[in-house]
2 protein chains.
Amino acid sequence: MKLVENALGRLVPSEMDGRKLTPYRGAFADPLAKGVRAAPPIPHSYPIHEGGEEKVLKNLKEAIRKTGLRDGMTISFHHHLRNGDYVINMVVDAIAAMGIKDITLASTALFPCHKPIIEHIKSGVIRNIQSSMNGPVGKFVSHGNLPTCAILRTHGGRVRAIEDGDLHIDVAFIAAPCADDYGNANGVYGQSVCGPLAYGAIDAQYADKVVVVTDNLIRYPCLPISIPSTHVDYVVVVDEIGDSELIVSGTTRITRSPARLFIAEMAAKFIKESPYYKDGFGFQTGAGGISLAVTKHLGDYMREDGIQAAYINGGITQFAVDLFHEGIVEKLFDGQVFDTKAIDSFRDDLWHCETPMTMYANIHSKGCLVNRQDIGFLGATEVDVDFNVNVNTHSDGLLLHGIGGHTDVAAGAQLCMIVIPAYRKRIPVIRDAVTTVTTPGETIDVIVTELGIAINPRRKDLIEHFKSSKLPIREIRDMKKQVDGIVGGQPASPELGDRIIALIEYRDGTIIDKVMQVIQ
Amino acid sequence: MKLVENALGRLVPSEMDGRKLTPYRGAFADPLAKGVRAAPPIPHSYPIHEGGEEKVLKNLKEAIRKTGLRDGMTISFHHHLRNGDYVINMVVDAIAAMGIKDITLASTALFPCHKPIIEHIKSGVIRNIQSSMNGPVGKFVSHGNLPTCAILRTHGGRVRAIEDGDLHIDVAFIAAPCADDYGNANGVYGQSVCGPLAYGAIDAQYADKVVVVTDNLIRYPCLPISIPSTHVDYVVVVDEIGDSELIVSGTTRITRSPARLFIAEMAAKFIKESPYYKDGFGFQTGAGGISLAVTKHLGDYMREDGIQAAYINGGITQFAVDLFHEGIVEKLFDGQVFDTKAIDSFRDDLWHCETPMTMYANIHSKGCLVNRQDIGFLGATEVDVDFNVNVNTHSDGLLLHGIGGHTDVAAGAQLCMIVIPAYRKRIPVIRDAVTTVTTPGETIDVIVTELGIAINPRRKDLIEHFKSSKLPIREIRDMKKQVDGIVGGQPASPELGDRIIALIEYRDGTIIDKVMQVIQ
């Protein structure tokens, strides 16, 4: 295999599993923005009284048979039900029972609940994974157990890959908390509500065949429509598509750790002093304990200062909804909910809007909303002295997390802040070089830790702006040295095999890094 | 020019202006459902702080220049502002002033307010029209004044043509009552509200370049989003995009004509006695005086009988909104509003939903909503004894009306009723053969006139169902004979030239009829 050096100096393959690859050339080089979009087959449909087909089928196996799914094809799923999803396992079990093999699993993400997929990899049902992998499946893949190389993409990168034709989906299965017999679906009514179906929109639009899987078939028409009947071939009713209570991401409580509260406070102060804190600004927040604390502080400042944010873009939680209902934030962009409490507002409020992923983050569009964000605050497993960020692997080399919108937000936001502890359980988070580059340092502006705040030297304007600030602004290399002192030096390198087990694709389709096999 | 006979016995050309044509083969033959969809160029975009382009331009001419619009290209517009639209004239004036010629005008519809287009045809700026033409432009084209042959499509047929690649739009101009500087747009806030932007959705998705034209630029983000920023290249602010008061279609008052009230009453009674009148049924209604009266009667029956309709699909008026707010109708599908009073509900009510045209009526989709309608009641300029319907021309041969969703609803609805007077101003509406076939008789079930109700002989089931009804059910040929007696026979044929001035395209892309030049 030929390895080439990309713009970050990482060695990446020029070809993998028969697909030619382009090395990463810089955050805004975008060398693959050419040609035309994927062109799905032209479908047609008649009314049932004129010979049209009934869409509701009796079970998943019938749907799988009708779609023509066979060995070597690609299937997809959305992850709005997160760790409460039952549909992926259900469908892959059915595929396995039907003797179909060598499937590429291109869900938007896999969670610990999808551990049963491991057995299907072992038995040859699943041959490739192009998906975020959170937890056990990632660990299993890390040890070299997938016969092919996995591909990890950002939220924006995945829609780009589908729209540009890099990722062709043969059959998309859309878990739907509410659907009608013609396939119109949403996530806001029923026993298994999950809010938007924004991850599934692109799959429904481009997949050759689309199957809606629901536990709540209602009288036609199902409104509002997140997935339209025009994209749906079949509908299957099952007992339960998932457990809404398990969609909670991270924590729904603000951190209680004094160090982390301190990080959040400094991050919020930094934002308040920045040129981006002004009426009408927009920001993205997540669901981690630190993020929630930053949001809370920011809300307090805005209330005091009489400043209104034009929008929060997210992963929406009850925290964001509260600020919205209070009027401190005017509008909400919602790509997914991180707690069930946000769903009522998503369903009922005019200015709490669903954002399909291409609208959220596709660089190959005429303008996605991450491009417009003033501020994003994000997490990391590691950062390095060049401001590169790793969110995929740990220092032990194991691939345990997906990318989400991390890289997209970093590229788009005017002020991208990484808000993290400097070390965790005596393992340094600030490194000489991250184990895996997920997000290039070029797009990271500030790193906030309990030891201080580092501004990327590229942001001379910000350094100038903050030169008389009382905030503890420091060189990242100094902070790194201090961390090493505290934890007793950088951790040992993991023992790696010589197989590339996954590629990290930048949002523009180039290869930013590879992930190597970890010897067990 | 070679003419071939289509499935209705009409002679249609096999080629026109260099495009190969397929003759109509039957309402559900759909011979062109093959191949893949059009593939627009892959765009890309950066944040402005990373070198991305500002979308807001200083005027229309700058936008036209930036889009690269040049001689021979195709431009498009939606018609949500109907007879109150200012944008088409404004843009074509600018194009003319810039010396650009031979443009194809592919708006969704043209109204009397677009009469100035005639001068641009004369001067060579506009060379072809692929649009509904209501009024003066149609009359001008009828007299052979367009240098090429116009094409008329149904709402569903137009989106099909765009999605299938038959109609390529170079630059779409989207009149937007509300927009932000990134191009997100809706029709529900501002001085020129028009409700949905459902006609423009497909243009924005497939056009090479898209310009939003607004008179109400608001702070980012403009929510809700009918047209997303991901599809928009440029935004231009003008003083006024139109006059909302002039979007009113037909009448907003129930007819006062006793004959027409009688027609409406019989139509409503027929529906009530039909097998389709039951809890959960869905229907489409329009804005004509008879349609409103049918809707009113139907509402009264439903109130009495405790029956709830699942939805009205339309052209939504205050009449439909009232039934919806009363709970007699559960949900509203809204492709356009026919009066401004419907807009508040469209903006605020969760179950009053926008229906982009592909969702409304595209036969080349996996299931559009006209396929699901139980009942549609529609108008006509003429019908004939084979139940064919003309909505485009009058008996004098002049092309004065667009198709709208007529043909789509007829093909989709289980019970398609034409609700019309048997004659108008001593001109018979029931003919031996319609002047132009817009909608094939195969898809028309019932014709209701003041002289009685004719059921299509193909609908043996309906004839059987109504055999003991007290309604005046008659043979269409008898009704035609009676009309001829009343008005003194069929009208003289118009004097036609030998040029085909327009083609009527069936919703599947085949040619159902041609329209000949009328000698002045």
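Considering Cα pairs under 8 angstrom that are at least six residues apart, work out the relative contact order of chain A and quote it in whole percent. List each step's numbers first, then the result.
Details: 1285 pairs, mean separation 83.8, N = 520.
Over chain A, the number comes to 16 percent.
The lysines whose alpha-carbon is closer than 23 Å to the alpha-carbon of B:Lys55, local same-chain residues fewer than 8 away aside, are A:Lys34, A:Lys278, A:Lys331, A:Lys366, B:Lys66, B:Lys209.
Backbone geometry of the stretch B:17-29 corresponds, through the Karplus equation with coefficients 6.51, -1.76 and 1.60 at θ = phi - 60°, to 3J(HN,Hα) couplings of 6, x, 9, 6, 10, 10, x, 4, 10, x, 4, 10, 6 Hz, x marking Gly and Pro. Of all beta-carbon atoms in chain A, the one sitting closest to the axis that brings chain A onto chain B gives A:Ala39, 2, with the distance in whole angstrom.
Would you mind checking the stretch B:409-438 for residues with the amide N under 15 Å from a putative spin-label position 7 Å along Cα→C-beta of B:Ser493? Correct set: B:432-437.
If we count other beta carbons within 10 Å of each Cβ, what is the order of B:Met1, B:Met73, fewest first?
Working: B:Met1 9, B:Met73 19.
Ascending number of Cβ neighbours within 10 Å: B:Met1, B:Met73.
Bridgeable lysines around A:Lys139 (alpha carbons under 17 Å apart, same-chain partners fewer than 8 residues away excluded): A:Lys115, A:Lys122, A:Lys514.
Note on B:372-378: average number of Cβ atoms from other chains within 10 Å of each residue's Cβ is 2.
Residues whose amide H falls under 5 Å from that of A:Leu3, counting only those 5 or more places apart or on a different chain, are absent, with hydrogens built in the peptide plane. Multiplying the residue separation of B:Asp239 and B:Ala39 by 0.36 nm and subtracting their alpha-carbon distance yields 68.5 nm.
Test of understanding: what is the full-extension gain from A:Gln191 to A:Arg65, defined as 0.36 nm times their sequence separation minus their Cα-Cα distance? Each step should come with its number before you reach the end.
Numbers: separation 126, 0.36 × 126 = 45.36 nm, distance 2.80 nm.
Full extension of this stretch gives 42.6 nm more.
Counting pairs of alpha carbon atoms under 8 Å apart in space and at least six apart in sequence, what relative contact order in percent does the stretch B:418-520 give?
Taking the mean separation of contacting Cα pairs over the length of the stretch B:418-520, I get 27 percent.
Arranged from highest to lowest average of other beta-carbon atoms within 10 Å per residue, in what order do the peptides A:392-403, B:57-68 appear? Let's see the in-between values first.
On the way: A:392-403: 22.0, B:57-68: 16.9.
Highest mean packing first, the order is A:392-403, B:57-68.
What the phi angles of the stretch B:42-51 give under the Karplus curve with 6.51, -1.76 and 1.60, with θ = phi - 60°, is a coupling list of 6, x, 8, 8, 10, x, 4, 6, 10, x Hz, glycine and proline written as x. Among B:411-417, B:163-169, B:454-460, the peptide with the highest mean count of other Cβ atoms within 10 Å heads the list, and the full ranking is B:411-417, B:163-169, B:454-460. Label point of A:Glu464 set 7 angstrom out along Cα-Cβ; within the stretch B:31-62, no amide nitrogen lies under 14 Å from it. Each of A:Arg219 and A:Gln308 was given a label point 7 Å from its Cα along the Cα-to-Cβ line. The distance between the two points is 3.9 nm. For the segment A:88-94, counting C-beta atoms of other chains within 10 Å of every residue's C-beta and taking the mean gives 0.
Axis of helix A:155-164 versus longest Cα principal axis of chain A: the two differ by about 50°, to the nearest ten degrees.
Summing -39500 (n - 2.57) over the DSSP H runs of n ≥ 4 in chain A and dividing by its residue number, what mean residue ellipticity at 222 nm do you reach, to the nearest 500 deg cm²/dmol? Taken over chain A, the calculation gives -7000 deg cm²/dmol.
Straight-line cross-link partners of A:Lys425 among the lysines, defined as a Cα under 18 Å from its Cα and at least 8 positions apart when in the same chain: A:Lys480, A:Lys481. Counting Cβ atoms of other protein chains within 10 Å of each residue's Cβ and taking the mean over peptide A:32-40 gives 5.
Coordinate-derived values only; no laboratory data. Every value quoted in this text rests on a predicted model; they were computed, and no experiment measured them. Methodologically, a virtual Cβ is constructed for each residue, glycine included, from the backbone with ideal geometry; neighbour enumeration extends over all protein chains shown.
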